Amino acid sequence: MELDLSPKLAKKVYGGNGGSYHAWSPSELPMLREGNIGAAKLALDKNGFALPRYSDSAKVAYVLQGNGVAGIVLPESEEKVLAIKKGDAIALPFGVVTWWYNGEDTELIVLFLGDTSKAHKAGEFTEFFLTGSNGIFTGFSTEFVSRAWDLDENVVKTLVGKQSGNGIVKLDGNFKLPEPKKEHRLGMALNCEEAPLDVDIKKGGRVVVLNTNNLPLVGEVGLGADLVRLDGSAMCSPGFSCDSALQVTYIVRGSGRVQIVGVDGRRVMETTLKAGNLFIVPRFFVVSKIASPEGMEWFSIITTPNPIFTHLAGRTSVWKALSPSVLQASFNVDADTEKLFSSKRTSDAIFFPPPN
């Protein structure tokens, strides 16, 4: 059975006047289930508050738009309160409890990509809410909760039943949540738009790679990530992950074309990518992208914390390492043709500017 690799948009799962939660379904994007990957987006309106919850999956969160506040509690640790903004990446290991708040006029949108290999459902995140109409303690009897918290049963009924919202609520504008602390960001978040560039090609593109060096917590998540900004009409050279990793890509901005080539040299996908699209490149398949004149930006996770890629163009490509005679035999061409091929793309670039 052939896999459907076509990019998809997220669909709304729940929400109200405080915001909404959207997710990609493995029934529409089968590679999510095949690769044990989950993908979702949280969108908070002004004063929108995403109630405390934990998940059955380790994730990387990426702020697509806006400014806000995130509360994060690692197991048996104190609450960290972070100011978050566009471009922030946050590693969320198993067992982390989080809450999210937007106090600004601009909508806050956070992307979540993660590993569902230990989740209840392959290709989907399951969230467990601590409070609200579907909170954990609504399932326990008043007696159990009363004894656990050492509270009078009437107080318990108030605590458990007062918050009638489900997942996301809208707070009063005068409500004061804890103030974020600058030191809480250390080791917890990295702004990919401000971080030192790992690749910077004039009129080509720029890359920031998220790994255990600049955000050690991704080692606990088991995922790496990168933010790639491709200039107008530039090309990302064909390449593949050589360490058996899947690559899950969300188009943040702009548009462009993509081609993926798989087993037996078959082109398994060719389509136009647009902002909001999510698509997955299977293990060892080769992918290449060309941006539209407006350029294209994407955020990807790779299912290993320190990914290794092989590129098939540029000075460091595998072609440059192979002997001339091997290339002649492999392509069945003469020496002049081989030299012409070998003399092209002599830079280290993985991004190629548009032709003059």
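Using Cα pairs under 8 angstrom and six or more residues apart, how large is the relative contact order of the stretch 129-275, in percent?
Averaging sequence separation for qualifying contacts and normalising by length gives 12 percent for the stretch 129-275.
Which value, in Å² rounded to 10, gives the accessible area of Trp99 with a 1.4 Å probe and all protein chains present?
Solvent-accessible area, nearest 10 Å²: 20 Å².
Past the 30 Å Cα-Cα mark, which pairs from Lys80/Lys274; Lys8/Lys121; Lys59/Lys274?
Lys80/Lys274
Filter Lys203/Lys289; Lys46/Lys86; Lys12/Lys85; Lys12/Lys170; Lys12/Lys46 down to the pairs with a C-alpha to C-alpha distance above 20 Å, please.
Checking Cα-Cα distances, Lys12/Lys85 exceed 20 Å.
Sort 213-219, 161-167, 322-328 by the packing proxy (mean of other Cβ within 10 Å over each peptide's residues), most packed first.
Packing proxy ranking, top to bottom: 213-219, 161-167, 322-328.
Can you give me the relative contact order of the chain as a percent, contacts being Cα pairs under 8 Å and 6 or more apart?
For the chain, the relative contact order is 17 percent.
Taking springs between alpha-carbon atoms closer than 10 angstrom, which of Gly71, Gly19, Gly139 fluctuates most in the Gaussian network model of the chain?
So, out of Gly71, Gly19, Gly139, the one fluctuating most is Gly139.
With the crude spin-label approximation of a point 7 Å out along Cα→Cβ, what separation in nm comes out for Glu183 versus Val333?
The answer from the label model is 6.1 nm.
Need one word for the chain: rounded, prolate or oblate. Basis is the Cα gyration tensor (sqrt eigenvalues a ≥ b ≥ c); a/c below 1.5 gives rounded, then a/b vs b/c decides.
prolate
Among Val218, Ile90, Ala335, whose Cα projects farthest towards the positive end of the dipole of the chain, with charges put on the beta-carbon of Lys, Arg (+1) and Asp, Glu (-1)?
Looking along the dipole axis, the top candidate is Ala335.
Assigning unit charges at the beta carbon (Lys, Arg +1; Asp, Glu -1) and nothing else, what dipole magnitude in debye, to the nearest 20, does the chain show about its Cα centre?
With Lys and Arg at +1 and Asp and Glu at -1, about 700 debye.
Which of the peptides 6-16, 52-62, 123-133 is most tightly packed, and how do the rest follow, judged by the mean count of other Cβ atoms within 10 Å per residue?
Highest mean packing first, the order is 52-62, 123-133, 6-16.
Could you work out how far the C-alpha centroid of the stretch 199-237 sits from that of the stretch 239-287, in angstrom?
That distance is 15 Å.
About the Cα centre of the stretch 126-209, what is the dipole size in debye to 20, counting +1 per Lys and Arg Cβ and -1 per Asp and Glu Cβ, all else neutral?
Computed charge dipole of the stretch 126-209: roughly 340 debye.
Set Lys and Arg Cβ to +1 and Asp and Glu Cβ to -1, take the dipole of the chain about its Cα centre, and tell me which of Val261, Asn47, Val207 lies farthest positive.
It is Val261.
Which one, Leu190, Phe137, Ser325, projects farthest toward the positive side of the charge dipole computed for the chain from Cβ point charges (K/R +1, D/E -1)?
Of the candidates, Ser325 comes out farthest on the positive side.
The values are calculated or read from the model by the stated rules, or taken from the named source; none is laboratory data. This one's a predicted model, so the numbers in the text were calculated from it and none came from an experiment. Heads up, the Cβs are rebuilt from the backbone with ideal geometry, glycines too, and the neighbour counts pull from every protein chain shown. Ligands, DNA and RNA are excluded from the accessible area calculation, which covers all protein heavy atoms including side chains. Shrake-Rupley method; radii C 1.70, N 1.55, O 1.52, S 1.80 Å.
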